[in-house]
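First comes the structure, then the notes that go with it.
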Amino acid sequence: MPFPRLDTPELLDEHDAPRADVERSLRDLRRINRWLGGIAIYRRLTRRFAPFRSILDVGAGTADLLESVDAPVKVALDFKIEHLRYLHGPRRIHRVAGDAMRLPFRTGALDVITSSHFFHHFTPEENEEILRESLRVAAKGVAVTDTRRHRIPLLFVQLLGFLRLVGRITRHDAPASVRRGYTIAEARDIAARAGASTARVVRAFPYRFGILLWK
């Protein structure tokens, strides 16, 4: 059951968070993507645009989702360089610090633009702008995934925190991210205003959604 959206800042976005806490949170996020379906959903959505030669993940964090995708050119973009540099990762992923609303790429530069668990950080108006900018850079289309705003995922991440299975930042940020999230209907409304030739919003297990935009 959805509840009113509450836009609460997240600790991982702060510039002065202790390094040890940040690195623990980045490890938490990698584990969550691996074990709770994030990687599988990301791969399933990007396959909608196959075949593609190049892919850009916006708000990529440690670029773990790009590690799971086969493409000759893979680019990870995040506004925090320390997230991109965490573990350094495979050399074949290009890492770029930048702004999602002003992507530092020419029009049609990369086949597919993606983001995962990034959408909830922004207002509906900001997300519309980000989707339009992503469509500008995309040659084929855009794939976005995030958690739905719902009481069940909220209770689940609160339980992870109560059991101390995640670090201090994740104990705060995971519930905050669910509260900042969007429902299927809200995501559909934002996607419809992004200017794509075709826009679809799909449900993804568990309690996630995907936005698919075609040029």
Quiz item: Counting only residues that are surrounded by fewer than 21 Cβ atoms within 10 Å (Cβ to Cβ), of a type outside the set (Val, Ile, Thr) and either assigned to a helix (DSSP H, G or I) or in contact (Cβ under 8 Å) with a residue 60 or more places away in the chain (or both), how many does the stretch 177-207 have?
Solution: 13
Quiz prompt | Complete set of residues in the stretch 94-103 that are touching a residue at least 24 places away in the same chain (Cβ under 8 Å) and farther than 14 Å from ASP57 by Cβ | solution = MET101, ARG102
Quiz prompt | Hits in the stretch 162-210 (condition: within 24 Å of ARG30 (Cβ to Cβ) and acidic (Asp, Glu)) | solution = ASP173
Quiz item: Could you say whether any residue in the stretch 152-169 is within 25 Å of ARG47 (Cβ to Cβ) and under 16 Å from the mean Cα position of the chain (by Cα)?
Solution: no
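Conditions (1) buried (at least 22 other Cβ atoms within 10 Å of the Cβ); (2) of a type in the set (Asp, Glu); (3) modelled with pLDDT under 95; (4) not in a helix (DSSP H, G or I), marked per residue:
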site: LEU77; (1), (2), (3), (4): yes, no, no, yes
site: GLU82; (1), (2), (3), (4): no, yes, yes, no
site: ARG91; (1), (2), (3), (4): no, no, yes, yes
site: PHE105; (1), (2), (3), (4): no, no, no, yes
Quiz prompt | Hits in the stretch 32-71 (condition: within 14 Å of the chain's Cα centre (by Cα), in a loop (DSSP other than H, G, I, E, B) and not small (Gly, Ala, Ser)) | solution = THR62
Quiz prompt | Candidate set: the stretch 144-176, residues that are part of a loop (DSSP other than H, G, I, E, B) and in contact with a Pro (Cβ under 7 Å, 6 or more places away or on another chain); chosen: the one surrounded by the fewest Cβ atoms within 10 Å (Cβ to Cβ) | solution = HIS150
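The values are calculated or read from the model by the stated rules, or taken from the named source; none is laboratory data. All values reported here derive from a predicted model rather than from experimental measurement. Neighbour counts are summed over all protein chains in view; Cβ atoms, including those assigned to glycine, are modelled from backbone coordinates with ideal geometry.
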